[in-house]
Amino acid sequence: MSIFRANRKFDRFEDVTPEILREEKVKLLLCDLDNTLTSRLSKNPAEELGSWVKACQKAGTEIVVISNNVSKKRVQNFCTPFKLHCVWWANKPLSVHLTKARERLGVEPQYTVMMGDKWSTDVLAAKFAGIRAWKVEHRKGFLKDEEKKEENGDSKKQN
Ligand SMILES: [Mg+2]
């Protein structure tokens, strides 16, 4: 199998259901942040993220966010509300932080998946780490409506 080939593909993170996680025996799901759990431009976590995280945890899957974003503040802003462990500036496709997170939680490679939107970082890092790669579509326009409302609210405040 090519090192660029994902083991599974999904449109959005929400399509990864607790049933799929159980079937696939995923005890640890390492997640990319930008354009996977949110669009690159969104400032706020999606409402769906909270319920999805809870459902995954209930299914016995731990989630750790592994982001290449260099901003600690941005990554923590998404992860702290859900009490998720996170790594920023992870330097994917280097696999060091994927393996560190997995070993810290004591999960074997065969029960671990890296999920992300990019072949050159997320999929490759998974392959280097000896774990499965799940590819999601590049997430665009996420929270667009809410952010529009926010922007409108801000401009109204200024007027
Ligand atoms: Mg990404």
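Any read-out appearing in this document is the output of simple, stated calculations on the displayed coordinates, not a laboratory observation. Computed from a prediction, not measured in an experiment: that's the story for all the values here. Here Cβ is always computed from backbone atoms with ideal geometry, including for glycine, and neighbour counts include all displayed protein chains.
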**Report entry** Estimated 222 nm signal from helices in the chain, with DSSP H stretches of n ≥ 4 weighted -39500 (n - 2.57), rounded to 500
**Finding:** -10500 deg cm²/dmol
Query raised in the report: Do any of Lys92/Lys118; Lys43/Lys72; Lys54/Lys100; Lys58/Lys83; Lys43/Lys73; Lys27/Lys54 go past 18 Å between their Cα atoms, and which?
Result: Lys54/Lys100
Query raised in the report: How would you rank Ile20, Ile63, Ile131, Ile3, going from fewest to most other Cβ atoms within 10 Å of each one's own Cβ?
Result: Ile3, Ile20, Ile63, Ile131
Query raised in the report: All other residues with a Cβ under 9 Å from the Cβ of His85 taken together, and with Lys, Arg as +1 and Asp, Glu as -1, what is their net charge?
Result: +1
Report summary line: Relative contact order as a percentage, the stretch 1-137, C-alpha pairs under 8 Å and 6+ apart, gives 33 percent
Query raised in the report: Going by Cβ distance under 4.7 Å, what cysteines of the chain have no possible disulfide partner?
Result: Cys31, Cys56
**Report entry** Within-11-Å neighbourhood charge of Trp134 [Cβ basis; K, R +1; D, E -1]
**Finding:** -1
